[in-house]
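Peer 1: Can you keep this structure in mind? I'll have questions shortly.
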Amino acid sequence: ATGGNSTATDGDFKAASFTANGTFTPSADGFVEYLIVGAGASGGGGWGGAGGGGGAGGFRTGYLPVTADTGYSIAVGTGGAATDGGSSFDMGNAGGVSSFSSISSAGGGGGGREASAGLNGASGGGGGHNGTSASSGGTGNTPSVSPVQGYNGGGVNASATGGAGGGGGSSAVGGQATSSSSGGQGGVGTANSITGSSITYAAGGDGGFRTSNSNGSANTGNGGSGGGIGTGGGAGGSGIVILRYKFQ
């Protein structure tokens, strides 16, 4: 097959990794195993409070029949752009969709700015906080697929005066902010060994707390963490598509 960065995995199989849009063209009829990870969303910005963590991109695996000498389009989602803090304190930006042929993984939902709910997406964004009000996390697995591609974002308990909710991950909901000492943790991602090595993808971003934030790593689908007081949320990590096929 042609397309992507192909490396041998085990025995007669290779894995073609796509970190940008491209085309996969098999030389024979058969089946390919796929891992499709949508891009993570960015965290919400904070001003006097904190922004919720960005939701992870969708995580989907399976097998798809392919036909020899047919080009199959690959799209790799771009991570949600980092957000502003201070008086503009933006909502988090959604991650982009990744796809292989007819199979798509949605982008994560943006983290809520302070006192705003997280947005819906493959995994939901965490709820933001302003020090007094409760907020909810966004709904994951949006659009709905089976098995689910991600989980809900974490909310904020009204008594949690310090932190915001964590973004949902591909294996668990985002953590709820319930105290004044920290933000909720991002939902955990999912380990996969399609490349021959175990790598964890699509983890949610942590909820903001004071001045903390960080970006999701490239080609992981991880969400960016929420912004703390007066700071913006971290950018989401871009997605990835990996196809495992028999080459000899």
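The values are calculated or read from the model by the stated rules, or taken from the named source; none is laboratory data. Since we're looking at a predicted model, the values are computed, not measured. All Cβ positions, even for glycine, are placed from backbone atoms using ideal geometry, and neighbour counts span all protein chains on display. Heavy atoms of the whole protein, side chains included, go into the accessibility calculation; ligands, DNA and RNA do not. Shrake-Rupley method; radii C 1.70, N 1.55, O 1.52, S 1.80 Å.
Peer 1: Hey, can you tell me all the residues within region 140-164 that are in a loop (DSSP other than H, G, I, E, B) and of a type in the set (Val, Ile, Thr)?
Peer 2: Answer for region 140-164, where residues must be in a loop (DSSP other than H, G, I, E, B) and of a type in the set (Val, Ile, Thr): 142, 145, 148, 161.
Peer 1: A follow-up question, please. Being under 21 Å from residue 49 (Cβ atoms) and of a type in the set (Ser, Thr, Tyr) is true for just one of 135, 123, 146. Which residue is that?
Peer 2: Working: 123 fails: under 21 Å from residue 49 (Cβ atoms); 146 fails: under 21 Å from residue 49 (Cβ atoms).
Of 135, 123, 146, the one residue that is under 21 Å from residue 49 (Cβ atoms) and of a type in the set (Ser, Thr, Tyr) is 135.
Peer 1: Among what's in region 165-184 and is open to solvent by 50 Å² or more (accessible area, probe 1.4 Å) and under 14 Å from the mean Cα position of the chain (by Cα), pick the residue that is farthest from residue 243 (Cα to Cα).
Peer 2: 173
Peer 1: Regarding residue 193, is this residue modelled with pLDDT of 90 or more, under 24 Å from residue 114 (Cα atoms) and open to solvent by 50 Å² or more (accessible area, probe 1.4 Å)? Break it down into steps so the answer makes sense when it comes.
Peer 2: Details: modelled with pLDDT of 90 or more: yes; under 24 Å from residue 114 (Cα atoms): no; open to solvent by 50 Å² or more (accessible area, probe 1.4 Å): yes.
No.
Peer 1: Still on this structure, I have one more. Taking the criterion of being part of a loop (DSSP other than H, G, I, E, B) and in contact with a helix residue (DSSP H, G or I) (Cβ under 6 Å, 6 or more places away or on another chain), would at least one residue in region 224-247 satisfy it?
Peer 2: Scanning region 224-247, I find at least one residue that is part of a loop (DSSP other than H, G, I, E, B) and in contact with a helix residue (DSSP H, G or I) (Cβ under 6 Å, 6 or more places away or on another chain), so the answer is yes.
Peer 1: Any chance you could count how many residues in region 109-124 are among the basic types (Lys, Arg) and touching a strand residue (DSSP E or B) at 6+ places or on another chain (Cβ under 7 Å)?
Peer 2: To start, the set of residues in region 109-124 that are among the basic types (Lys, Arg) comprises 113.
With touching a strand residue (DSSP E or B) at 6+ places or on another chain (Cβ under 7 Å) added as a condition, the list becomes none.
Selection size over region 109-124: 0.
Peer 1: Further question on the same structure: Can you report the number of residues in region 210-248 which are open to solvent by 30 Å² or more (accessible area, probe 1.4 Å), on the phi < 0 side of the Ramachandran plot and in contact with a strand residue (DSSP E or B) (Cβ under 7 Å, 6 or more places away or on another chain)?
Peer 2: 4
Peer 1: Right, here's the next one. Would you tally the residues in region 25-57 being outside any loop (DSSP other than H, G, I, E, B) and closer than 14 Å to residue 128 by Cα?
Peer 2: 1
Peer 1: Out of 137, 112, 77, 127, I need the residue that is in a loop (DSSP other than H, G, I, E, B) and either within 14 Å of the chain's Cα centre (by Cα) or surrounded by fewer than 24 Cβ atoms within 10 Å (Cβ to Cβ) (or both). Which one?
Peer 2: Exactly one residue qualifies, and that residue is 77.
Peer 1: Output the residue which, of all residues in region 32-59 that are open to solvent by 10 Å² or more (accessible area, probe 1.4 Å) and at pLDDT 95 or above, is nearest to the chain's Cα centre (by Cα).
Peer 2: 59
Peer 1: Within region 143-160, identify whether any single residue is over 30 Å from residue 6 (Cα atoms), in contact with a Phe, Trp or Tyr (Cβ under 6 Å, 6 or more places away or on another chain), aliphatic (A, V, I, L, M) and without any contact (Cβ under 8 Å) to a residue 60 or more places away in the chain, and answer yes or no.
Peer 2: Going through region 143-160, the residues over 30 Å from residue 6 (Cα atoms) turn out to be 143-144, 151-160.
With the extra rule that they be in contact with a Phe, Trp or Tyr (Cβ under 6 Å, 6 or more places away or on another chain), the set shrinks to none.
For region 143-160, residues over 30 Å from residue 6 (Cα atoms), in contact with a Phe, Trp or Tyr (Cβ under 6 Å, 6 or more places away or on another chain), aliphatic (A, V, I, L, M) and without any contact (Cβ under 8 Å) to a residue 60 or more places away in the chain: absent.
Peer 1: Take region 1-24 and flag every residue that is part of a strand (DSSP E or B) and open to solvent by 40 Å² or more (accessible area, probe 1.4 Å).
Peer 2: 2, 5, 6, 7, 8, 13, 14, 23
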